[in-house]
Amino acid sequence: MKEVKVMSIADEAVRKIKRGAFLTVKSEAGQNTMTVGWATFGFIWQKPIMMVAVRPTRHTFGIIEKAADFTVTVPSGDMTRETNFCGTKSGRDVNKFEACSLKIADGQKTVSPIIAVPGVHLECRIVFKAAMDPAFLDKDYDRALYPQKDYHTLYFGEILSCYETE
């Protein structure tokens with residue numbers, strides 16, 4: 001494991017996240033992983049922050065709503081089959097960890113585990129969340145991205161740890 005500076009990997013991580021990464025959450029409501037394809041990195045509130053978006057219709061939503069933290073695993077190898085599966089199947093119906101043979105490992109600074117694969121792992125403490133208000137959303141985005149009006153909740157996580165595993 002090698003600690004890495006968040007902003008030094010941000011561009012590459014976002015490029016890979018567009019193809020799919022794992023958002024993993026654990027709370028009293030359970031544990032689940034889902035595919036995340038949208039995320040941002042930035043520096044706000046004097047801290048390095050990662051923002052992820054989760055729709056209320058997702059199984060992960062009920063878990064993250066009760067969570068203090070989340071992790072994002074950006075695989076370095078090809079995990080297209082696994083990210084496709086985790087992005088199209090619900091944790092309500094199937095144990096994604098078993099179905100995809102995904103092993104987990106304890107987070108260094110989070111209750112939520114990481115997916116134990118080679119790649120970059122970000123451990124984040126939730127510092128702010130906000131449900132999207134469609135009144136403030138560009139109308140073209142609304143039509144194109146929210147035909148079912150299932151607007152995301154945005155979770156801002158202070159990046160507590162960022163590291164790479166082989």
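Details
- Local net charge near E82, Cβ-Cβ under 14 Å (Lys/Arg +1, Asp/Glu -1): +4
- Ranked packing of 71-82, 100-111, 5-16, 115-126, most packed first, by mean Cβ within 10 Å: 115-126, 71-82, 100-111, 5-16
- Total formal charge among the other residues, if their Cβ is under 13 angstrom from that of V6, Lys/Arg +1 and Asp/Glu -1: -4
- Calculated translational diffusion coefficient of the chain (25 °C, 0.890 mPa s; Stokes-Einstein with Kirkwood radius over alpha-carbon pairs) equals 153 µm²/s.
- The simple spin-label model puts a point 7 Å past each Cα toward its Cβ; for N95 and S8 those points are separated by 3.9 nm.
- Centre separation in Å (Cα based) which lies between segment 36-74 and segment 1-34: 9
- Per-residue [θ]222 nm for the chain (sum of -39500 (n - 2.57) over DSSP H runs n ≥ 4, rounded to 500): -6500 deg cm²/dmol
- Other residues within the sphere of radius under 11 Å centred on the Cβ of P113, judged by their own Cβ, net out at -1 (K and R +1, D and E -1).
- Three-way shape call for segment 60-153 based on the alpha-carbon gyration tensor, with the a/c threshold at 1.5: prolate
- Relative contact order computed over segment 2-165 (Cα-Cα under 8 Å; 6+ residues apart), in percent: 29
Bear in mind that the values in this text are calculations on the coordinates, not laboratory data. Just so we're clear, the structure is a prediction, and the values are computed from it rather than from any experiment. Don't worry about glycine lacking a Cβ; one is built from the backbone with ideal geometry, like all the others, and counts go over all protein chains shown.
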